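Novice: Below is the structure I would like to discuss, written out as structure tokens.
The values are calculated or read from the model by the stated rules, or taken from the named source; none is laboratory data. Computed from a prediction, not measured in an experiment: that's the story for all the values here. As a convention, Cβ positions derive from the backbone with ideal geometry for all residues, glycine included, and neighbour counts pool all protein chains shown.
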Amino acid sequence: MKKLTCHCGKVEAEVKIPENGIDKIMRCNCSICKKKGYIIGVLGEDDFKLTKGEEFLKLYQFNTNTAQHYFCSICGIHTHNRPRINPKIYGVNIACIEGVKPFEIKNVPVNDGENHPLDQKK
């Protein structure tokens with residue numbers, strides 16, 4: 001297990017990372033993620049456990065109010081989300097995980113959130 005923290009340390013979580021690293025990382029070009037500009041690590045529901053600071057977390061939702069975007073109310077750092085495409089997984093800000101150097105990660109794939117399948121007309 002690795003520790004995930006916001007900048008001020010009020011919010012902490014434990015994340016289970018496989019030995020070879022997070023299986024799926026990406027950026028997203030949806031309206032909120034492109035403004036946050038962070039690299040998302042996708043974790044299973046059992047691979048993320050909030051351990052401290054739930055009272056400092058704020059929830060931001062928009063549009064369909066399905067996705068849940070969490071950030072620290074003290075320092076403003078986005079720590080994790082529950083995406084609307086699969087609310088049983090977590091998207092974590094990998095820069096918040098101890099030991100991760102996000103600027104050393106090259107060729108990060110981009111998820112096409114601008115054309116989200118749940119936004120397409122039927």
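Novice: Select from the stretch 7-23 the residues that are among the acidic types (Asp, Glu) and outside any loop (DSSP other than H, G, I, E, B) and list them in ascending order. Talk me through it step by step, then tell me what you get.
Specialist: Residues of the stretch 7-23 among the acidic types (Asp, Glu): 12, 14, 19, 23.
Within the stretch 7-23, GLU12, GLU14 meet the criteria.
Novice: So which of LEU4, LEU50 is at pLDDT 95 or above, under 20 Å from PHE103 (Cβ atoms) and part of a strand (DSSP E or B)?
Specialist: LEU4
Novice: On the given criteria, is THR66 of a type in the set (Val, Ile, Thr) and more than 21 Å from LYS3 (Cβ to Cβ)? Walk me through how you get there before you give the answer.
Specialist: Values: of a type in the set (Val, Ile, Thr): yes; more than 21 Å from LYS3 (Cβ to Cβ): yes.
So THR66 fits the description; yes.
Novice: Looking only at the stretch 35-47, count every residue that is in contact (Cβ under 8 Å) with a residue 24 or more places away in the chain and part of a helix (DSSP H, G or I) and tell me the total. Even if it seems obvious, please write down each step before you answer.
Specialist: Let us first name the residues in the stretch 35-47 that are in contact (Cβ under 8 Å) with a residue 24 or more places away in the chain, namely 36, 38-47.
In the following step, the residues that additionally are part of a helix (DSSP H, G or I) were identified as 36, 45-47.
Here the count works out to 4.
Novice: Within the set of pairs 6+ apart or on separate chains, which have a first residue in the stretch 10-21 that is closer than 10 Å to GLU54 by Cα, a second that is assigned to a loop (DSSP other than H, G, I, E, B) and of a type in the set (A, V, I, L, M), and C-beta atoms under 6 Å apart?
Specialist: Pairs that qualify, where the first residue is closer than 10 Å to GLU54 by Cα and the partner is assigned to a loop (DSSP other than H, G, I, E, B) and of a type in the set (A, V, I, L, M), are LYS10/ILE74.
Novice: If I filter the stretch 2-15 for residues that are under 21 Å from ASP112 (Cβ atoms) and in contact with a strand residue (DSSP E or B) (Cβ under 6 Å, 6 or more places away or on another chain), do I get at least one hit? First the steps, then the outcome.
Specialist: From the stretch 2-15, those under 21 Å from ASP112 (Cβ atoms) are none; that's our starting set.
No, every residue in the stretch 2-15 fails to be under 21 Å from ASP112 (Cβ atoms) and in contact with a strand residue (DSSP E or B) (Cβ under 6 Å, 6 or more places away or on another chain).
Novice: So, in the stretch 37-55, of the ones that are surrounded by 17 or more Cβ atoms within 10 Å (Cβ to Cβ) and not acidic (Asp, Glu), which residue ends up nearest to ILE105 (Cα to Cα)? I'd like the intermediate steps shown before the answer.
Specialist: Step one: filter the stretch 37-55 for residues surrounded by 17 or more Cβ atoms within 10 Å (Cβ to Cβ), giving 38-43, 47-48, 53.
Pick out the ones that are also not acidic (Asp, Glu) and you get 38-43, 48, 53.
On the way: TYR38: 12, ILE39: 9, ILE40: 12, GLY41: 12, VAL42: 15, LEU43: 18, PHE48: 22, GLY53: 29 Å.
Ranking the qualifying residues of the stretch 37-55, first place goes to ILE39.
Novice: Any idea which residue in the stretch 14-26 is modelled with the highest pLDDT, counting only those that are touching a Gly at 6+ places or on another chain (Cβ under 9 Å) and surrounded by 14 or more Cβ atoms within 10 Å (Cβ to Cβ)?
Specialist: Selected residue: VAL15.
Novice: Hey, another quick one. For THR64, which of the numbered conditions (1) in contact (Cβ under 8 Å) with a residue 60 or more places away in the chain; (2) assigned to a loop (DSSP other than H, G, I, E, B); (3) polar (S, T, N, Q) fails to hold?
Specialist: (1)
Novice: Hey, another quick one. Could you tell me whether TYR70 is exposed (fewer than 13 other Cβ atoms within 10 Å of the Cβ) and under 20 Å from LYS49 (Cα atoms)? Before you say what the answer is, go through the steps one by one.
Specialist: Numbers: exposed (fewer than 13 other Cβ atoms within 10 Å of the Cβ): no; under 20 Å from LYS49 (Cα atoms): yes.
No, not satisfied.
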